[in-house]
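The values are calculated or read from the model by the stated rules, or taken from the named source; none is laboratory data. Small disclaimer: the values here were computed from a predicted structure and weren't measured. Positions of Cβ are backbone-derived with ideal geometry, glycine not excepted, and every protein chain shown enters the neighbour counts. To get the accessible areas, we keep the full protein, side chains included, count just its heavy atoms, and leave off ligands, DNA and RNA. Shrake-Rupley method; radii C 1.70, N 1.55, O 1.52, S 1.80 Å.
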Amino acid sequence: MRVLIINSSPRREGNISGMLTHAAAVAKDAGAECDVISLYDRDIRPCRGCMACRSALACPIHDDMASIAEAIKSADRIIIGAPCYWANMPGVLKNMFDRLVYIFIADGEHGLPRPLLKGRRALVIATATTPMPFARLFGQTSGTVKSIGRILKMGGIKLIPSLQIGGTRRRDITGRDLRHVGRAVGRLLK
Ligand SMILES: Cc1cc2nc3c(=O)[nH]c(=O)nc-3n(C[C@H](O)[C@H](O)[C@H](O)COP(=O)(O)O)c2cc1C
């Protein structure tokens with residue numbers, strides 16, 4: 001089984017990075033092949049909205065996105081780590097999704113999108129400085145998860161329950177958080 005981990009936090013020592021490092025270790029221990037993509041280390045230019053990808057099935061911009069597209073297509077399981085930015089996903093992650101419309105959906109019947117990534121499952125891990133339960137109740141971590149989940153679902157990717165960690169200004173990631181990560185990865189690999 002191939003697991004792809006996408007880190008959309010710029011903070012190498014941050015909460016998301018710590019949890020994703022643990023997620024990778026758990027996935028590898030379980031025998032999965034595991035790739036990690038840190039979006040801030042990649043050259044990802046913004047979508048130009050030219051729509052050329054919809055017919056050419058490739059993006060005319062030459063940067064690191066082609067390899068990221070291949071990594072997503074060849075993954076069985078995807079783990080996305082995202083700090084909450086403005087109750088949403090970080091721009092770098094949205095930018096990645098903007099560049100990937102052509103691998104997520106095609107034109108289907110009645111003008112509706114046809115999902116192209118069926119058969120994959122995903123876990124979203126989100127953090128926010130807003131403490132719990134407010135980070136969930138007021139759309140902070142929950143807004144981040146929802147906006148990512150909507151895109152994944154359009155591609156036909158099934159989501160397992162997310163992990164949401166609030167209050168990160170006042171606390172570091174704990175052993176308990178990592179145990180939650182381990183259990184979530186276990187569920188994802190089933
Ligand atoms: C540009 C920006 C926007 C943010 N917006 C929010 C927000 O809307 N709500 C919130 O609770 N925290 C917000 N935060 C705080 C981050 O979500 C928080 O610091 C997170 O835990 C960082 O995770 P990391 O250590 O994994 O990078 C924002 C941080 C940045 C840099």
Problem set entry | Checklist (1) open to solvent by less than 60 Å² (accessible area, probe 1.4 Å); (2) without any contact (Cβ under 8 Å) to a residue 24 or more places away in the chain; (3) more than 18 Å from residue 16 (Cβ to Cβ) applied to residue 115, failing item | (2)
For this session: Assess whether residue 38 counts as being among the hydroxyl-bearing types (Ser, Thr, Tyr) and either touching a helix residue (DSSP H, G or I) at 6+ places or on another chain (Cβ under 9 Å) or open to solvent by less than 10 Å² (accessible area, probe 1.4 Å) (or both).
Result: yes
For this session: Go through region 56-91 and give me each residue that's of a type outside the set (A, V, I, L, M, F, W, C), open to solvent by less than 20 Å² (accessible area, probe 1.4 Å) and assigned to a strand (DSSP E or B).
Result: 81, 83
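Please specify each residue of region 126-158 satisfying the condition of being aliphatic (A, V, I, L, M), in a helix (DSSP H, G or I) and within 11 Å of the ligand (Cβ to nearest atom).
Hit for region 126-158 is 135, nothing else.
Being surrounded by fewer than 18 Cβ atoms within 10 Å (Cβ to Cβ) and acidic (Asp, Glu) narrows it down to one of 172, 177, so name that one.
Working: 177 fails: surrounded by fewer than 18 Cβ atoms within 10 Å (Cβ to Cβ).
When all the criteria are applied, what remains is 172.
Does residue 176 satisfy being free of Cβ contacts under 8 Å to residues at least 12 places away in the same chain and either in contact with a Pro (Cβ under 9 Å, 6 or more places away or on another chain) or charged (D, E, K, R) (or both)?
Details: free of Cβ contacts under 8 Å to residues at least 12 places away in the same chain: yes; either in contact with a Pro (Cβ under 9 Å, 6 or more places away or on another chain) or charged (D, E, K, R) (or both): yes.
For residue 176, the condition - free of Cβ contacts under 8 Å to residues at least 12 places away in the same chain and either in contact with a Pro (Cβ under 9 Å, 6 or more places away or on another chain) or charged (D, E, K, R) (or both) - is met.
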